[in-house]
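Participant: Could you have a look at this structure, given as structure tokens, before my questions?
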Amino acid sequence: MSKFVDRVFSGVQPTGNLHLGNYLGAIKKFVAMQASHQCVYCVVDMHALTAWQDPTELAANTREVTAAFIAAGIDPKAHIVFNQSQVAEHAELAWIFNCVARMGWMNRMTQFKEKAGKDRENASVGLFAYPTLMAADILLYKATHVPVGDDQKQHLELTRDIAAKFNNDFGEQLERLGHGEQFFPMTEPLIEGPATRIMSLRDGSKKMSKSDASDLSRINLTDDADAIAKKIRKAKTDPAPLPDNVDDLAARPEADNLVGIYAALAETAKEQVIGEYGGREFSAFKPALADLAVDKLSPVNAEMRRLTDDPATVDATLREGAARAREIAAATMAEVRDIVGFIRG
Ligand code: AQP
């Protein structure tokens, strides 16, 4: 039996345009994990700074992500909801991990390559070091499970590599201090279901993304019913009707994406959706998808608005969550300082 308590950690960046991909790939799963795990959900504002953020918008977006968490059904009293920058231990452990991770490992990170693009010389050092901060976020809470979208898979693998190297590099010290062989757990990513990678509504080969210049490419969690219906109506598709078999979706990325969105919203499998809509035209499927999306997203949207209209209450929730997160983080960091040989005051 593992010595680690079953604990979930995950985060979302407050970088604006929170969308259906973030909701289905992450936030909806966060809600489900509450029944079986102790959960720590973080608005990762320090991660957001890896690209320039307008300070006023960063604060507003931090409140918006918090509101989305709560509106979607996360209970900040039973679990922990906070913003990363309020718990300084994230930055402290990230520094130690910067000294554990190897340049070769970091150089292989595809997200850095994609986000830095051709102008790598001009990317922030923070963008390059993003994955070590993410490892610190997770391991500070000794999290055993992390629900994320498919795009974060490589960062989770790096987190495990960092944990293993730390456990190994300080093995003797861990024995001496009575921690056994494993100080940090081998965290399991939770990347499953029909919505691990929601694609752009305009281009089935691109991930739905906050930074896409086209607003029609994504359904924002702040979109009203008309906007949701319009975006689904205008979603790119091929001319053929939906196939009778799920396997035939593989060669049709746009159709596959819409069926996946339907399945995730309806909490069913793609097979079920194809069972119902296989052979039908998009002119029949799209209105059904729009109705389902409006039905599921409107209550979240309304509750988000109510919460963001009361920033003082949102800030108080974050403050209380940070105080509880800090208790766990401070205990881990005290142990880490002893393990690496820092003299404590
Ligand atoms: N398209 C997606 N499908 C499924 N899951 C997704 N996630 C993001 N996009 C999709 C998941 O949402 C969580 C929070 O993501 P994030 O805010 O930390 O950052 P991100 O992945 O960089 O978000 P974007 O929208 O893709 O932003 P930009 O445009 O800046 O690149 C994560 O669990 C992520 O997997």
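The values are calculated or read from the model by the stated rules, or taken from the named source; none is laboratory data. Every value quoted in this text rests on a predicted model; they were computed, and no experiment measured them. So basically every Cβ, Gly included, is an ideal-geometry build from the backbone, and we count neighbours across all protein chains shown. Note: accessible area is taken over every heavy atom of the protein model, side chains too, but ligands, DNA and RNA are not part of it. Shrake-Rupley method; radii C 1.70, N 1.55, O 1.52, S 1.80 Å.
Participant: Only one of these is closer than 30 Å to Thr308 by Cβ and of a type in the set (A, V, I, L, M): Ala284, Ala255, Ala229, Ala250. Name it. Let's see the steps before the verdict.
Facilitator: Numbers: Ala284 fails: closer than 30 Å to Thr308 by Cβ; Ala255 fails: closer than 30 Å to Thr308 by Cβ; Ala250 fails: closer than 30 Å to Thr308 by Cβ.
The match here is Ala229.
Participant: While we're here: State which residue pairs qualify: first residue under 17 Å from Ala290 (Cα atoms) and inside region 206-234, second residue within 16 Å of the ligand (Cβ to nearest atom) and open to solvent by 80 Å² or more (accessible area, probe 1.4 Å) in any location, beta carbons under 6 Å apart, and separation of 6 or more residues or different chains.
Facilitator: Leu216/Arg202; Ser217/Arg202
Participant: Could you tell me which of the residues Ala293, Ala266, Ala334, Ala325 is more than 22 Å from the chain's Cα centre (by Cα) and either modelled with pLDDT of 95 or more or over 30 Å from Asp169 (Cα atoms) (or both)?
Facilitator: Details: Ala293 fails: more than 22 Å from the chain's Cα centre (by Cα); Ala266 fails: more than 22 Å from the chain's Cα centre (by Cα); Ala325 fails: more than 22 Å from the chain's Cα centre (by Cα).
Answer to the selection: Ala334.
Participant: Go through region 180-210 and give me each residue that's away from the ligand (no atom under 12 Å from the Cβ) and basic (Lys, Arg).
Facilitator: Arg202, the sole residue that qualifies.
Participant: Please determine, by comparing only the residues of region 193-223 that are in contact with a Pro (Cβ under 9 Å, 6 or more places away or on another chain) and in a loop (DSSP other than H, G, I, E, B), which one is surrounded by the fewest Cβ atoms within 10 Å (Cβ to Cβ). It would help to see each step written out before you state the result.
Facilitator: Applying the first criterion (in contact with a Pro (Cβ under 9 Å, 6 or more places away or on another chain)) to region 193-223 yields 199, 203-205.
Now restrict to residues that are in a loop (DSSP other than H, G, I, E, B): 203-205.
Values: Asp203: 16, Gly204: 18, Ser205: 9.
The qualifying residue surrounded by the fewest Cβ atoms within 10 Å (Cβ to Cβ) is Ser205.
Participant: Please enumerate the residues belonging to region 38-59 that are in contact (Cβ under 8 Å) with a residue 24 or more places away in the chain, in a helix (DSSP H, G or I) and closer than 24 Å to Asn301 by Cα.
Facilitator: Restricting attention to region 38-59, the residues satisfying the condition of being in contact (Cβ under 8 Å) with a residue 24 or more places away in the chain are 38-51, 53, 57-58.
In the following step, the residues that additionally are in a helix (DSSP H, G or I) were identified as 45-48, 57-58.
Selection gives Asp45, Ala48, Glu57, Leu58.
Participant: Which one of these is open to solvent by less than 30 Å² (accessible area, probe 1.4 Å), in contact with a helix residue (DSSP H, G or I) (Cβ under 8 Å, 6 or more places away or on another chain) and under 20 Å from Met304 (Cβ atoms): Ile27, Ile70?
Facilitator: Numbers: Ile70 fails: open to solvent by less than 30 Å² (accessible area, probe 1.4 Å).
After applying the criteria, what remains is Ile27.
Participant: In contact with a Lys or Arg (Cβ under 6 Å, 6 or more places away or on another chain), more than 13 Å from Gly11 (Cβ to Cβ) and either in contact (Cβ under 8 Å) with a residue 12 or more places away in the chain or more than 15 Å from the ligand (Cβ to nearest atom) (or both) - does that describe any residue in region 134-148?
Facilitator: Within region 134-148, one or more residues are in contact with a Lys or Arg (Cβ under 6 Å, 6 or more places away or on another chain), more than 13 Å from Gly11 (Cβ to Cβ) and either in contact (Cβ under 8 Å) with a residue 12 or more places away in the chain or more than 15 Å from the ligand (Cβ to nearest atom) (or both).
Participant: Right, next: Mind checking which residues of region 224-258 are out of contact with any helix residue (DSSP H, G or I) (no Cβ under 7 Å at 6 or more places or on another chain), part of a helix (DSSP H, G or I) and of a type in the set (Gly, Ala, Ser)?
Facilitator: Ala227
Participant: Kindly provide the set of residues from region 84-118 that are among the charged types (D, E, K, R) and more than 16 Å from the ligand (Cβ to nearest atom), ordered by number.
Facilitator: Listed by number, the residues that qualify are Glu89, Glu92, Arg102, Arg108, Lys118.
Participant: In addition: Restricting to region 25-37, name every residue that is touching a residue at least 40 places away in the same chain (Cβ under 8 Å) and in a loop (DSSP other than H, G, I, E, B).
Facilitator: Gln34, His37
Participant: Taking Ala302 as the residue in question, decide whether it is loosely packed, with under 14 Cβ neighbours inside 10 Å and closer than 20 Å to Ala26 by Cα.
Facilitator: Yes, satisfied.
Participant: Could you tell me which residue of region 10-24 is nearest to the ligand (Cβ to nearest atom), considering only residues that are part of a helix (DSSP H, G or I) and either open to solvent by 20 Å² or more (accessible area, probe 1.4 Å) or among the aromatic types (Phe, Trp, Tyr) (or both)? Spell out the reasoning first.
Facilitator: Looking only at region 10-24, we keep the residues that are part of a helix (DSSP H, G or I), and these are 20-24.
From the residues that got through so far, the ones that are either open to solvent by 20 Å² or more (accessible area, probe 1.4 Å) or among the aromatic types (Phe, Trp, Tyr) (or both) too are 22-23.
On the way: Asn22: 4, Tyr23: 8 Å.
Here the answer is Asn22.
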